[in-house]
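Visitor: The structure that follows is given in the form of structure tokens.
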Amino acid sequence: MDELTTQAPDLTQPTRSVGGVVTVDDQKYAVGLMWQPVQNIDDPDPEIRETMESEPDADLYCLRQTSVFQYGVGRSILGHKDGMPSLAASVASALSQYESFCAVFQVEEGWWFVSVRNGLILAEEDVLFATEEEAQRAYSSMMAVPDWDACIVPAEWNIEGTIQQSLVELVSKGRKVRLQEINGAHRTYFLLFIAIIILLALAGLIIVFVRLWHSVFTPTAIPTVQAPQIYQPVVPQPGKAQPWDKMVDTKSLIERCWSDIYQIKSISFPGWKGGLITCTKDGITTTWTKESKEGLLSWMRFGINEYQFTDLSVDVTPAGSTATGKVIFSGLPVIASIPTLTPQQLLEDLTEIQQSTGLALQFAQQTLLDPPNNPDGSRPPNQKTYAYYSFSTSSDYTPWEWIKFFEKFTGFELMKIEYNPSNDTTTKWKYEGRIYAK
């Protein structure tokens, strides 16, 4: 490749900008993250936590799950915020056809430089520079490394063999990987109760093993011979689907809820206030309420078009004071999750979790009648009764942090996730679900 024609590059280390946020198509993105590969993809939390504790002011992170797992560490002091998408992750997703690429884009805040090598965003090559000269020096230094699949620079640099890409088009195609908060003390307690539950489960298995051992090897009295009894054969009834035979996969539902809630959360219109955002297996509902005379319908329509959230439909009341937004889900994977715990075991586990963590976890045993009683209260034939524990909790933990709790139980069904932007930071999230007993 030719050298830059605008200026002979100085290959000394460039002075990096402290900027951490850039704006692309009116959307703010986080840049300047420190990227690291995930060593243990089955449980990346400990290494992410260790890295954040060793980095000054590190208080946010995002997890990039592609063919190679990677996490980025952010800092609030750079302007990074909970829910803000990573620009490097979005561009890397849009350019996934290239295993290795180096790119420079001019943005409102300066010149953004990023390098991806063998599918990984390089550790400290997600950088916002204040000047074009700094970006040129960083790019020239990186060209000392051979074998790039693509090099992307502004057209006015006139470098042979490079290509040009629109950053707006790339982020519109790329996957949004968002930063999330981490609270060291609270999250430690959260992980601790998971460890406690695992130990309890192991203790339960040991008890079962000991009982089986005694039942096999303990001598028993010779039974008294009794006259044979004649039993009528049981004719099996035609198979009937049970509640846990077809349930929406919890992890897929959380991923869809998380992504869409943050998109809706970021939408704002002059004179309108966003309300509660509710996500279920059927979709998302939310409302906006007119707060002032500036709250014109034209502002709302303009804003929705600008955000380009095509799955969102909005209906406005005749008075024009309230608007309801809806997103309908389709294609979420369905799985079977057969219950393995009795009602008593579920009660003990839930109580243990509540006591060991101090979480505001509310639960109660309930029953499901299938089919339900007739209108006169009588029971229809072949009615079955299923026992389950319903639960609800309000928390500052994000859905991804609660996944450890959700995945502990079989026969688990996540019924609802609510996000309330008006609440304080400790109760923005609310979860409701049920756990069926065997």
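The values are calculated or read from the model by the stated rules, or taken from the named source; none is laboratory data. Keep in mind that what you see is a predicted model, and the values were worked out from it rather than measured. Neighbour counts run over all protein chains shown; Cβ positions are idealised from the backbone, glycine included. What goes into the accessible areas is simple: the full protein's heavy atoms, side chains included, and nothing from ligands, DNA or RNA. Shrake-Rupley method; radii C 1.70, N 1.55, O 1.52, S 1.80 Å.
Visitor: Counting Lys +1, Arg +1, Asp -1, Glu -1, what net charge surrounds Ile335 among other residues with beta carbon under 13 Å of its beta carbon?
Guide: Net of charged neighbours comes to -1.
Visitor: Further question: How big is the dipole moment of the stretch 80-168 about its Cα centre under a simple scheme where the beta carbon of each Lys and Arg is +1, that of each Asp and Glu is -1, and everything else is neutral? Debye, nearest 20, please. Write down the numbers at each step before the final one.
Guide: Values: 3 positive and 14 negative charges, 36 e Å.
That gives a dipole near 180 debye.
Visitor: With a 1.4 Å probe and all protein chains kept in place, how much accessible area does Ile328 have, in Å² rounded to the nearest 10?
Guide: Around 140 Å² of this residue is reachable by solvent.
Visitor: Express in Å², to the nearest 10, the accessible area of Glu132 obtained by rolling a 1.4 Å probe over the protein heavy atoms while all chains stay in place.
Guide: 50
Visitor: If Lys and Arg each add +1 and Asp and Glu each add -1, what is the summed charge of the other residues whose beta carbon sits under 10 Å from the beta carbon of Cys102? Numbers along the way, then the final one.
Guide: Details: positive: Arg117; negative: Glu125, Asp149.
Local net charge: -1.
Visitor: Quick query: amide H of Leu120 versus all other amide H atoms, modeled in the peptide plane; which residues come in under 5 Å with a sequence gap of 5 or more or a different chain?
Guide: none
Visitor: Here is a further query. So, in nm, how far is label Ser390 from label Gln366 when the simple model puts each one 7 Å beyond its Cα toward the Cβ?
Guide: The modelled label-to-label distance comes out at 0.2 nm.
Visitor: Right, another one. If I take every Cα pair under 8 Å that is 6 or more residues apart in the stretch 13-91, average their sequence separation and divide by the length, what percent do I get for the relative contact order?
Guide: 35
Visitor: With a/c under 1.5 counting as rounded, go ahead and sort the stretch 281-345 into rounded, prolate or oblate using the C-alpha gyration tensor (a ≥ b ≥ c being the square roots of the eigenvalues; past the cut-off, prolate if a/b is larger than b/c, else oblate).
Guide: Since a/c reaches 1.5 and a/b is larger than b/c, the shape of the stretch 281-345 is classed as prolate.
Visitor: Could you report the stretch 322-427's accessible area per residue, 1.4 Å probe, as an integer in Å²?
Guide: That works out to 51 Å² per residue.
Visitor: Using R₀ = 22 Å, calculate the FRET efficiency as 1/(1 + (r/R₀)^6) where r is the Cβ-Cβ separation of Lys81 and Glu55; round to 0.05.
Guide: The value I calculate is 0.80.
Visitor: Let me ask something else. What is the percent carbon and sulfur in the accessible area of the stretch 279-438, measuring with a 1.4 Å probe over the protein chains and ignoring ligands? Walk me through the numbers on the way to the answer.
Guide: Working: 4330 of 8580 Å².
C and S atoms contribute 50 percent here.
Visitor: For the residue pair Asn374 and Glu169, what label-to-label distance in nm results when each label sits 7 Å from Cα along the Cα-to-beta-carbon direction?
Guide: It works out to 6.7 nm between the two label points.
Visitor: Follow-up. When the Karplus curve 6.51 cos²θ - 1.76 cosθ + 1.60 is applied with θ = phi - 60°, which whole-Hz ³J(HN,Hα) does each residue of the stretch 134-148 get, with x for Gly and Pro?
Guide: Result, rounded to whole Hz: 5, 5, 5, 5, 5, 5, 4, 4, 5, 5, 5, 8, x, 6, 8.
Visitor: Would you mind calculating the gained length between Gln65 and Thr289 on full extension (0.36 nm times residue separation, minus the Cα-Cα distance), in nm to one decimal?
Guide: Full extension of this stretch gives 77.0 nm more.
Visitor: Next question, about the same structure. Between Thr23 and Leu297, what length comes free when the chain is fully extended (0.36 nm per residue of separation minus the Cα-Cα distance, one decimal in nm)?
Guide: The span from Thr23 to Leu297 would gain 96.1 nm if fully extended.
Visitor: Under a point spin-label approximation (7 Å from Cα along Cα-to-Cβ), what is the Glu108-Asp311 distance to one decimal in nm?
Guide: 2.6
Visitor: Please calculate how many Å² of accessible area the stretch 56-121 carries per residue, with a 1.4 Å probe and no DNA, RNA or ligand atoms counted.
Guide: 34
Visitor: With a cut-off of 8 Å between alpha carbons and a minimum separation of six or more residues, what is the relative contact order of the stretch 247-288 in percent?
Guide: With pairs under 8 Å counted, the relative contact order is 34 percent.
Visitor: Where Lys and Arg each count +1 and Asp and Glu each count -1, what net charge lies around Trp148 among other residues with Cβ under 12 Å from its Cβ?
Guide: -2
Visitor: So what does Arg175 come to for accessible area, using a 1.4 Å probe and Å² rounded to 10?
Guide: Around 100 Å² of this residue is reachable by solvent.
Visitor: Over the stretch 274-404, what relative contact order in percent results from Cα pairs under 8 Å that are six or more residues apart?
Guide: Details: 133 pairs, mean separation 23.4, N = 131.
Relative contact order, the stretch 274-404: 18 percent.
Visitor: Send over a whole-number figure in Å² for the accessible area per residue of the stretch 249-299, probe 1.4 Å.
Guide: Ligands and nucleic acids excluded, the figure is 46 Å² per residue.
Visitor: How much of the accessible area of the stretch 22-147, probe 1.4 Å, is carbon plus sulfur, in whole percent?
Guide: Result for the stretch 22-147: 46 percent of the exposed heavy-atom area is carbon or sulfur.
Visitor: On to the next question. Jot down the per residue volume, in cubic angstrom and as a whole number, of the convex hull over the alpha-carbon atoms of the stretch 380-432.
Guide: Details: hull volume 4.8 nm³, N = 53.
Convex hull volume per residue, Cα atoms: 90 Å³.
Visitor: Report the convex hull volume per residue for the stretch 290-422, counting only C-alpha atoms, in Å³.
Guide: Expressed per residue, the convex hull around the Cα atoms of the stretch 290-422 is 213 Å³.
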